[in-house]
Structure formats: C-alpha cells, structure tokens
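See below for the structure under consideration.
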Amino acid sequence: GAGVSQSPSNKVTEKGKDVELRCDPISGHTALYWYRQSLGQGLEFLIYFQGNSAPDKSGLPSDRFSAERTGGSVSTLTIQRTQQEDSAVYLCASSSAGGQYNEQFFGPGTRLTVL
Amino acid sequence: AQKVTQAQTEISVVEKEDVTLDCVYETRDTTYYLFWYKQPPSGELVFLIRRNSFDEQNEISGRYSWNFQKSTSSFNFTITASQVVDSAVYFCAGGGNAGNMLTFGGGTRLMVKP
C-alpha cells in the first residue's frame, strides 16, 4: 500500500516569506507527527496529532510555526516569515495509533532552503 | 527529560565484518520504548525494530540482532557480515510515558566498503 507522502520534495524560499508543507499519512493511521532534521540539531519532534484530540505542540520552536490536520488525514505545516535557521528537512510520520509504542512510518521529507 | 546517546558518529568497516552500533537511553519513566531506524542515502527513515522496557530478550532478524540491557539502559544493534547495502545512518530513538514523540539520538553513519 501507499506510504506517507510529502510535498513538495524541495522548497527554496526567500527569507521572510511564508511556506506550507504538506503531508499525506498512510490511510487509516490516526496519529501524525512532524519532525525536523537539521545539521545542527539532529532529528527533533515538532508536533503530534491524534484523532480529534488537541495537538501536542510542545516541540514547535517558535510561534512562526503552526500546523493543522484536516479531516483527520492530510496535515499542513506552515512556517511564517521564514528565517535561514529554518532550513532543514521536514519529516512527517504516521502510526496506526497514538503513543510511543507504535512504530512510526516516515515520509521522504521536504527539504526547505531559506535563502 | 529523555536523552538518547549514540556515541559513535561514524563507523567504517569492510564488507563481511561484524559491526555493533551503540545506543544509551536515559529516562525517569518506568515504562519506555526504544526503536532503531535506518536512513539510507535516499533519506527516508525505515523502521527496524521496537523494544519495550519490560522485554530484555535479545532479538535476531537475519543479519541484524539487538541487545537490550535495562541495567545499563543500552540498546545496541549488531549487523553480522555487513554488506555495502547496509551503508546508511542509523538512528536509535526512545519514547516514554510522558509524551508521544520520539527522542532521537544523533545517529551513527555506517560506511561499509567493498
């Protein structure tokens, strides 16, 4: 079956612009996660959605970052007024149930470059 | 706070050698879960194994084996008879009671030379 998909695969933007990154989780997976992979910080958790519960936003680095999940499926990560330090690969993952004990399946990521 | 440490940043071996990747997990949670992921050059993280804190049995899957020792909070990963296709970055990750996110180690880049 289809895995987690993300779009775009690459995004180059200018400092100060807003960007939107999209994630399509595996069909039927109720849990969705966003992570960021950067050279300086490694792999970091950003935000977690589980069903209709309020998202866990504890990993978002600033209020410029936000995410939503529509209809319990597709998610969009938005970064406003991008900065050069936002340059990273943004990874989306989904799992069949919330919780750390279920393996998370990762998408190919979106490579964001902020000039 | 949880912390996952992979002390080896880079390992280089010759094909057919055995190699062990180290992982140490620190947490105050009584129940926790550990994972290994592989990130090949293509970039996509591939799930390899999950282990919970109650299960200290070693696990073997083909050329891969995992050794979890709760007393030392270590969850080491051994590849037997390494192959060039094993070249990748390997991440150890953990999750605990307090949250649903994974805490990743810094990763170990494994290079297997022919």
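Every number in this text was worked out from the coordinates using simple rules, so none of it is lab data. Note that this is a predicted model, so its numbers are computed, not measured. Here the Cβ is made from the backbone with ideal geometry for all residues, glycine too, and neighbour counts use every protein chain on show.
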**Report entry** Overall dimensions of chain B by Cα: Rg and Dmax, Å
**Finding:** 13.7, 44
Query raised in the report: If you take the charge dipole of the protein assembly as shown about its Cα centre, with +1 on Lys and Arg Cβ and -1 on Asp and Glu Cβ, which of B:Q69, A:S62, B:Q8 is farthest toward its positive end?
Result: A:S62
Query raised in the report: For A:K11, which aspartates and glutamates qualify as cross-link partners when the Cα separation must be under 19 Å and same-chain residues fewer than eight apart are set aside?
Result: A:E20, A:D24, A:E85, A:D86, B:E44
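Using per-residue counts of other Cβ atoms within 10 Å, averaged over each peptide, order B:33-45, A:53-65 from highest down. Could you put the intermediate results ahead of the total?
Working: B:33-45: 18.7, A:53-65: 13.8.
Packing proxy ranking, top to bottom: B:33-45, A:53-65.
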Query raised in the report: Per the Kirkwood treatment, what hydrodynamic radius in Å, one decimal, follows for chain A from the mean inverse distance over all distinct Cα pairs?
Result: 14.0 Å
Query raised in the report: Out of residues 5 or more away from A:N102 or on other chains, whose amide H comes under 5 Å of its own, with H placed 1.01 Å from N in the peptide plane?
Result: none
Requested in this report: Read phi for every residue in segment A:30-37 and hand back ³J(HN,Hα) as whole Hz from Karplus 6.51 cos²θ - 1.76 cosθ + 1.60, θ = phi - 60°, with x for Gly and Pro.
Outcome: 8, 9, 9, 10, 10, 10, 10, 10
Report summary line: One checks the Cα atoms of the protein assembly as shown and finds Rg and Dmax, in Å, of 17.7, 51
Report summary line: Whole-percent tail of the Cα-Cα distance distribution for segment A:1-44, cut at 15 Å, equals 60 percent
Report task. Would you mind computing, in nm to one decimal, how far apart the modelled labels at B:Y64 and A:N52 are, each placed 7 Å from Cα along Cα→Cβ? Result -> 3.7 nm
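Let me know the volume per residue of the alpha-carbon convex hull for segment A:50-115, in Å³. Intermediate results must be reported in sequence, preceding the final value.
Numbers: hull volume 6.8 nm³, N = 66.
Spelled out: Cα convex hull of segment A:50-115, divided by residues, is 102 Å³.
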Requested in this report: Name the residues whose placed amide hydrogens come within less than 5 Å of the amide hydrogen of A:L46, ignoring near sequence neighbours (fewer than 5 apart) on the same chain.
Outcome: A:W34, A:Y35, A:R36
Report task. List, in order, the whole-Hz ³J(HN,Hα) value for each residue of segment A:52-66 obtained from phi through the Karplus relation with A = 6.51, B = -1.76, C = 1.60 and θ = phi - 60°; use x for Gly and Pro. Result -> 9, 6, 4, x, 8, 9, 4, x, 5, x, 7, 6, 6, 9, 8
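Give me the net charge for the shell around A:G3: Cβ to Cβ below 14 angstrom, other residues only, Lys and Arg +1, Asp and Glu -1.
Value of the local net charge: -3.
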Query raised in the report: Under the Karplus relation 6.51 cos²θ - 1.76 cosθ + 1.60, θ = phi - 60°, what is the ordered set of whole-Hz ³J(HN,Hα) values for segment B:3-12, x standing for Gly and Pro?
Result: 9, 10, 10, 10, 5, 8, 7, 8, 10, 10
Query raised in the report: Whose amide H sits under 5 Å from the amide H of B:Q8, counting only residues 5 or more places off or on another chain, with H placed in the peptide plane?
Result: B:D22
Query - Whichever lysines have a C-alpha closer than 22 Å to that of B:K16, once near sequence neighbours (fewer than 8 apart) are set aside - result: B:K38, B:K113
